[in-house]
Amino acid sequence: MTSASGPGPDDCIFCTAAEPGRDELLLERGRVSFVVLNKFPYNNGHLMVVPNRHAPNLATLSADEQAELMRLTRHAEMALTEAYAPHGINVGINLGKSAGAGVLDHLHVHLVPRWNGDTNFMTAIGDTRVLPEDLQASALKLRPIFERLSRHEA
Ligand SMILES: [Zn+2]
């Protein structure tokens, strides 16, 4: 099935990621949203906070979803700070293709840890993303921190 506005829930990577059993890259599961590592990271620790529901924008989120999205984004900031001690973190949402969204119609918040000089490094290597850490290592490092953060809030 195709549509002009992008993939529907059936072939959406975030809808699939929310299903039980698809959790190699999952870091925290909330009630209505979750945190997952980006399979194609811009930097070590690049992760995303995503509502379970196939919602295209902030306007269509329920109050519950808004609150938990921000709660998990806060956890993500804290976990990345603890695990990677970055110099900064980009936190951002791209709405629509023109804004650079890779997955249309399913809102997601990117968190990308940044280090002084990493832009120069990225420029130097062009499109090749050479990351010293693999995704499983990132997951093993981050998951216990998310578990602790969610336990302390319960
Ligand atoms: Zn979706």
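The values are calculated or read from the model by the stated rules, or taken from the named source; none is laboratory data. These figures come from a predicted structure and were not determined experimentally. Don't worry about glycine lacking a Cβ; one is built from the backbone with ideal geometry, like all the others, and counts go over all protein chains shown. These area figures cover heavy atoms from the full protein model, side chains too; ligands, DNA and RNA do not enter into them. Shrake-Rupley method; radii C 1.70, N 1.55, O 1.52, S 1.80 Å.
Remarks
- Of note, residue 14 satisfies the criterion of being more than 17 Å from residue 147 (Cβ to Cβ) and within 16 Å of the ligand (Cβ to nearest atom).
- All positions within the range 83-101 that are surrounded by 12 or more Cβ atoms within 10 Å (Cβ to Cβ), without any contact (Cβ under 8 Å) to a residue 12 or more places away in the chain and on the phi < 0 side of the Ramachandran plot: 101
- Residues in the range 55-82 that are touching a residue at least 24 places away in the same chain (Cβ under 8 Å), of a type in the set (A, V, I, L, M, F, W, C) and open to solvent by 60 Å² or more (accessible area, probe 1.4 Å): 58, 78.
- Meets criteria (near the ligand (Cβ under 9 Å from one of its atoms), modelled with pLDDT under 95 and under 27 Å from residue 114 (Cβ atoms)) for residue 40: no
- Residue among 32, 49 that is over 12 Å from the mean Cα position of the chain (by Cα) and either surrounded by fewer than 14 Cβ atoms within 10 Å (Cβ to Cβ) or within 16 Å of the ligand (Cβ to nearest atom) (or both): 32
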